[in-house]
1. Considering each of 440, 404 in turn, give the residue that is open to solvent by 60 Å² or more (accessible area, probe 1.4 Å), touching a residue at least 60 places away in the same chain (Cβ under 8 Å) and of a type in the set (Phe, Trp, Tyr).
2. Given the criteria modelled with pLDDT of 85 or more, part of a helix (DSSP H, G or I), open to solvent by 20 Å² or more (accessible area, probe 1.4 Å) and among the β-branched types (Val, Ile, Thr), does residue 119 qualify?
3. Quick check on region 464-487. Is at least one of its residues farther than 27 Å from residue 650 by Cα and without any contact (Cβ under 8 Å) to a residue 12 or more places away in the chain?
4. Taking the residues in region 443-470 that are open to solvent by 30 Å² or more (accessible area, probe 1.4 Å) and not in a loop (DSSP other than H, G, I, E, B) as candidates, determine which candidate is farthest from residue 138 (Cα to Cα).
5. Filter region 408-417 down to the residues that are surrounded by fewer than 20 Cβ atoms within 10 Å (Cβ to Cβ) and assigned to a helix (DSSP H, G or I) and list them by number.
6. Restricting to region 96-130, name every residue that is under 25 Å from residue 362 (Cα atoms) and over 19 Å from the mean Cα position of the chain (by Cα).
7. Determine whether residue 527 is modelled with pLDDT under 85, open to solvent by 20 Å² or more (accessible area, probe 1.4 Å) and at positive phi.
8. Quick check: is even one residue across region 634-642 closer than 21 Å to residue 382 by Cα, open to solvent by less than 20 Å² (accessible area, probe 1.4 Å) and in a strand (DSSP E or B)?
Amino acid sequence: MTAETESSNVSDSNQEAEPAQLLDNEANKNLPVKKKTSCCTGLKVFLAALSFSYLSKTLSGTIMKSSITQIERRFGLTSSTVGFVDGSFEMGNLLVIAFVSYFGAKLHRPKVIAAGCFTMAVGSFLTAMPHFFMGYYKYETSHTASSANSTSSINPCSLHQGVNETFLQVSRSGCEKEPSSYMWIYILLGNMLRGIGETPITPLGISYLDDFAKEENVPVYVASLHTIGMMGPMFGFLLGSLCARLYVDIGFVDLGNITITPQDSRWVGAWWLGFLIGGVISLLAAIPFCFLPKSLKKPKANNDQTSYGLLENIGSIEKKLTAAKPKPRKWSVILKDFCTSLKKVLSNRMYFTFMCCSLLQFNSFIGFLTYKPKYMEQQYGQSTAKSNFLIGLTSLPPVGLGIFLGGLLMKKYKMSIIGATKFAFSMSFVAYLLTLLHFFVGCENQVVAGMTVSYQGKPIPYHENDIFSECNSDCKCSSNVWDPVCGDNGVTYVSACLAGCTASVGQGKNTVFHNCSCIEASSSWTGNNSATLGQCPKSEDCSMKFIYYTVIQVISGFCYALGGTPAYMIMFRCVQPELKSLAVGLYTLIMRMLAGIPAPVYFGALIDKTCLKWGSTSCGHQGACRLYDSNAYRYVYLGLSAVLRGPSYLIAVLFYILMKKHYQNKDCKPIENGGREDAPVNKEDNCKIKECLPGSTDAENESCI
């Protein structure tokens, strides 16, 4: 369609005869205005529907990211396992991306997109389904149910002497009947199904716009799609924050009996509610596509001109197509051509170095983003709800602004490909240097008796903890229960029993424990020997460091995104024009297989190594981690991200050298294309770039060198 439009314009510009102009004017007068409006209306309806589908897919994806910690606690999973669950989205996407890319354009594209949105909705509903079959959430506690409704004095120390063994026997007897052991598999399958449904939206939607919209309008439409798509993560994190504030079994249990708060590491919010809302939105996004036609009439500037040259040109093209039609190519020939093209792409040194650089960047970026809410919780003592809220409100808007301004700067200064490479490299490197400042704004370990400090208040070496002491030796406390209390001396104890408390007053969250022998044994404390439920809050100094962390994150995210748009264009100048589609498809495949799937798993596995206190399920098995070593967590999380990104800049320098050699002058005249001069960045390239990214994730779209 584009080739025909261009040939029409060239042919018409050479027609200077007056009779032809009169015919053109007459034809333009007789154009049916209603038909043209109908065409544009159909295209605008498709654009509106596609924008809403972009919003739904990014919203659903962000809900998953914001619910990672909740799912980990609810199902008693390790960080590596929940990382594998998160990576199942990429697995589902990879299963059908080749099929959709090849066959999708030959089918009814709006209905294929509708089927994809419907599949996303089913995946979201499947992800939320385990909540309704698992029963109520039972968190670890050293209190019996009756203690929550009683104001009488209870001795936590004597409570464990006779009750502990009976309690464990009753809990384990009901283990086999509890269906929650492997219910997380449904979340994995639902996330995979959501990945399958998301696949056709980008490639088929962009190609449909490109086929039936005016060529000069396509970049504007695509920019609008990505702008609206950026709103999805913001709303997703805000919705995740709202759901995390609500208790998981809200509406089914008496919240007055719940003794934990959103700041507690055992708290599980209404994670399932976000997936239900995301599923409904995806279902609504599918409806408009069911009523859109398979094709539209593309509006043309001179639609009814009947120049002889144009008709002759169209006739010759039809003859060529007709002559080629009865000679289908054999699969062996297609396979041979594919292998040849693949060899050309992989032997391209610029493309290969760019892909290696991006691979390291994506491993760092995906692992960092997956566990960012958890890092804010463990390092700075923030609740899951507040972490999600701050990410949605402070981190994502600067990224969106950076992407937009990066595109404006490219257009204003008409950057060549060499200039774009230098700009993208510089911005990404500045962002990298800024992120290194995170190492200096971390908080110290939570002061927990027997875990990070001794019962006398002295620091103890990493993983050389002992929760038992002389002050609680008479209580025979359970070592598996995590039910922390905060002593008046500012020290957190694993449980009231391990704090040596012998009396309690109050009920629910307002329970206060008295006569705690371990608080009395503290060498630097002379005040009351009381303790309240929950961990002790972080220090004021830690709160200030959290503000610094947020400021650094905003500035570094903006700088990283500022170079995102130029970096987005570089890959398409690395390869010959006829190999662009294959290059982008291979790039997408490699990024998903070697970054999207494994990064959350090995990031999670290393984070698990920093755990100081594991929770326990009702069956006595290991549950989710309750307490991390803050210093070790910071060095592992930030260090791994920095180690992955650091070498990528050395590869980027090599890429820049190869790029500079490839282009002979500042006008960017490529050698491979026979000295044809390329414009710095034009609308057509921008259109092709957006079209050539089938199934690419938002993280990939923000790729930087």
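1. On the way: 440 fails: touching a residue at least 60 places away in the same chain (Cβ under 8 Å).
Answer to the selection: 404.
2. Values: modelled with pLDDT of 85 or more: yes; part of a helix (DSSP H, G or I): yes; open to solvent by 20 Å² or more (accessible area, probe 1.4 Å): yes; among the β-branched types (Val, Ile, Thr): yes.
Judged against the criteria, residue 119 is a match.
3. From region 464-487, those farther than 27 Å from residue 650 by Cα are 464-487; that's our starting set.
When the remaining residues are screened for being without any contact (Cβ under 8 Å) to a residue 12 or more places away in the chain, the result is 464, 473.
Looking through region 464-487, at least one residue is farther than 27 Å from residue 650 by Cα and without any contact (Cβ under 8 Å) to a residue 12 or more places away in the chain.
4. 459
5. Residues satisfying the conditions are 408, 409, 411, 412, 413.
6. 96, 98, 99, 100, 101
7. Values: modelled with pLDDT under 85: yes; open to solvent by 20 Å² or more (accessible area, probe 1.4 Å): yes; at positive phi: no.
Judged against the criteria, residue 527 is not a match.
8. Looking only at region 634-642, we keep the residues that are closer than 21 Å to residue 382 by Cα, and these are 634-638.
Next, from what is left, pick out any that are open to solvent by less than 20 Å² (accessible area, probe 1.4 Å): 634, 637-638.
Of the ones still in play, those that are also in a strand (DSSP E or B) are none.
No, the conditions are met nowhere in region 634-642.
The values are calculated or read from the model by the stated rules, or taken from the named source; none is laboratory data. Predicted, not measured: the structure shown is a model, and the values here were computed from it. Counting neighbours? That spans all protein chains shown, and the Cβs are built from the backbone with ideal geometry, glycine included. To get the accessible areas, we keep the full protein, side chains included, count just its heavy atoms, and leave off ligands, DNA and RNA. Shrake-Rupley method; radii C 1.70, N 1.55, O 1.52, S 1.80 Å.
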